[in-house]
Amino acid sequence: MSKLFVPEKIETELHRLQMEASPYGARATLFNLVVFTRDDSQHQAERIYSGMFGKRTARIIHINRTSAEQSRVMVSARCLEDGARESICFQEVLIECGRDELGAAPGAWIPLLLRDIPVFVLWLDRVVGNEDIIAGAVEHADKIIFDSDFLCGGREPIGELLRVYLEQVVESGVLLADLSWKRGLPLRKLTAWAFNHDATLPLLDEIAGVRVEGGQCATVQLYFLWLAERLNWQLQGSGFVLPDGRNIPAEHHTPGTLADGIEIRLELRNGEEISLSGGASGCGEIDIPGIRSLPRVFHAPESGQLLQEETDYLYGDPTYRAALNKLYDHH
C-alpha cells in the first residue's frame, strides 16, 4: 500500500483538526459512513451526507474515483456546537482514487474504520462492472445503501442494478437499503389508503392499466414491483399479467422529482380512472369515481433525511426485498 495511506498519520491529523474545530470536546462518533463515487457523483454524495451535518456525528470515508494517474488522500473535520457546548462533528477522509486503483483497494479504507460502531456504505458509483469492489465493501459493511434513481439516471439498466443488489448484497446476508425505495413511500401510502375501504377494495380486481406521470426512474419501477408483489401479478415486458392471464400495461411518462408532482392513474375495466396525486404542497389527493375521499399528507423528504433514517437503525425493509424478488419470478 502507498505511503499515502498510513492509518496512524491520518488518525493523528484527524484528531488535530477536530480539536481545532471543537476545542471543548465532541460527542462520541455514532457510525462510519463509507461513500463510493466518481467525479460525476462526488458532489451529489456530498450534498446527501451533508444533510446530516450538525445532527449526527460520523466518520466519513469518501472514495472518489478520478481520472488522475495516482491516488491521494485528504483529511478534514467540521463541527457544530450544540447547546451543551459539545460539538457534533464530521471527521472526513477523502480518498481520490486514481487510475492506479490504490484508493479503492480495501487496504486503503478498512484500517480507517472506527471499530465497534456500525459501518454503512453509501454507493453512488457505477454498479454494473464494479461487482468486485462491491463484494469487498459487502465483507465489511453492516448495511449498503444505494440510490437507484441516481444510478439509473446515469443510464444503468434498473433491472441489472436490482439484480446485483440481490445477488451480491442480500444473498450475502448484509442489510440492503435504497433511497429510491424510501423515496417512493408516499406513493405506496397513497395507494394503500385508496383501497383501505370495503367499497374500494374490490376495485383492485378491476384495474386494467397503470400510468404514472412524474417521479424518477427507479422510484416508479420499484412502485411497479411493489404493486406486482402485493397483488400477485407477474411481470411481462413493461407491464403485468394476472393469474387469470389478463394483461395490464404499465407506463411511466414525464420523469421528474416527487417535489415537482406525481400522478398515478389506475384505469378500470369499465373505462373509469382512479387518480392518486401529490406534490410540493404536501397534500396528496385520492380521486375515486363515486367515492368521497379526504386529502392525505404527501411528504417528499430530501435525500439527506432519507440517508439519516437509514443510518439511525440497523434493519432492512422486508417489503423491499419481497418486491425485488419479483425479478426472479420473472426469469
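Yes/no per residue for (1) among the aromatic types (Phe, Trp, Tyr); (2) open to solvent by less than 70 Å² (accessible area, probe 1.4 Å):
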residue: Ile248; (1), (2): no, yes
residue: Arg265; (1), (2): no, no
residue: Ile286; (1), (2): no, yes
residue: Ile291; (1), (2): no, yes
residue: Ser303; (1), (2): no, yes
residue: Leu306; (1), (2): no, yes
residue: Tyr320; (1), (2): yes, yes
Worksheet item: Condition test on Pro255, is it open to solvent by 10 Å² or more (accessible area, probe 1.4 Å), assigned to a loop (DSSP other than H, G, I, E, B) and in contact with a helix residue (DSSP H, G or I) (Cβ under 7 Å, 6 or more places away or on another chain)?
Response: yes
Worksheet entry | Top-ranked residue of the stretch 1-43 - restricted to ones that are over 24 Å from Ala104 (Cβ atoms) and part of a loop (DSSP other than H, G, I, E, B), ranked as modelled with the highest pLDDT | Leu30
Fill in: From Leu33, Leu17, residue being among the hydrophobic types (A, V, I, L, M, F, W, C), in the same structural domain as Ala135 (by the TED database) and within 20 Å of Ala137 (Cα to Cα)
Leu33
Worksheet item: Residues in the stretch 147-161 that are free of Cβ contacts under 8 Å to residues at least 60 places away in the same chain and within 13 Å of Val220 (Cα to Cα): how many?
Response: 0
Worksheet entry | Pairs where the first residue, in the stretch 320-331, is among the aliphatic types (A, V, I, L, M) and the second is modelled with pLDDT under 90, C-beta under 8 Å, 6+ apart | Leu327/Gly159
Worksheet item: Looking only at the stretch 267-284, which residues are within 22 Å of the chain's Cα centre (by Cα) and open to solvent by 60 Å² or more (accessible area, probe 1.4 Å)?
Response: Ala280
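Considering only the stretch 86-101, state which residues are in a loop (DSSP other than H, G, I, E, B) and either open to solvent by less than 10 Å² (accessible area, probe 1.4 Å) or among the aromatic types (Phe, Trp, Tyr) (or both).
Gly98 - this is the single residue of the stretch 86-101 that is in a loop (DSSP other than H, G, I, E, B) and either open to solvent by less than 10 Å² (accessible area, probe 1.4 Å) or among the aromatic types (Phe, Trp, Tyr) (or both).
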Fill in: 3 or more residues at pLDDT 95 or above: qualifying strands (runs of 3 or more DSSP E) within the stretch 158-248
175-178, 207-213
Worksheet entry | Residue list for the stretch 178-209, filter: surrounded by 24 or more Cβ atoms within 10 Å (Cβ to Cβ) and touching a Phe, Trp or Tyr at 6+ places or on another chain (Cβ under 9 Å) | Asp178, Leu179, Ser180, Trp181, Gly184, Leu187
Item to complete: For residues that are among the aliphatic types (A, V, I, L, M) and in a loop (DSSP other than H, G, I, E, B), scanning just the stretch 288-322, find the one that is farthest from the chain's Cα centre (by Cα).
Response: Leu294
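The values are calculated or read from the model by the stated rules, or taken from the named source; none is laboratory data. These numbers come from a predicted model, not from an experiment. Because the Cβ atoms are built from the backbone with ideal geometry, glycine has one as well, and the counts that use them run over all protein chains shown. Note: areas computed on protein heavy atoms with side chains; ligands, DNA, RNA excluded. Shrake-Rupley method; radii C 1.70, N 1.55, O 1.52, S 1.80 Å.
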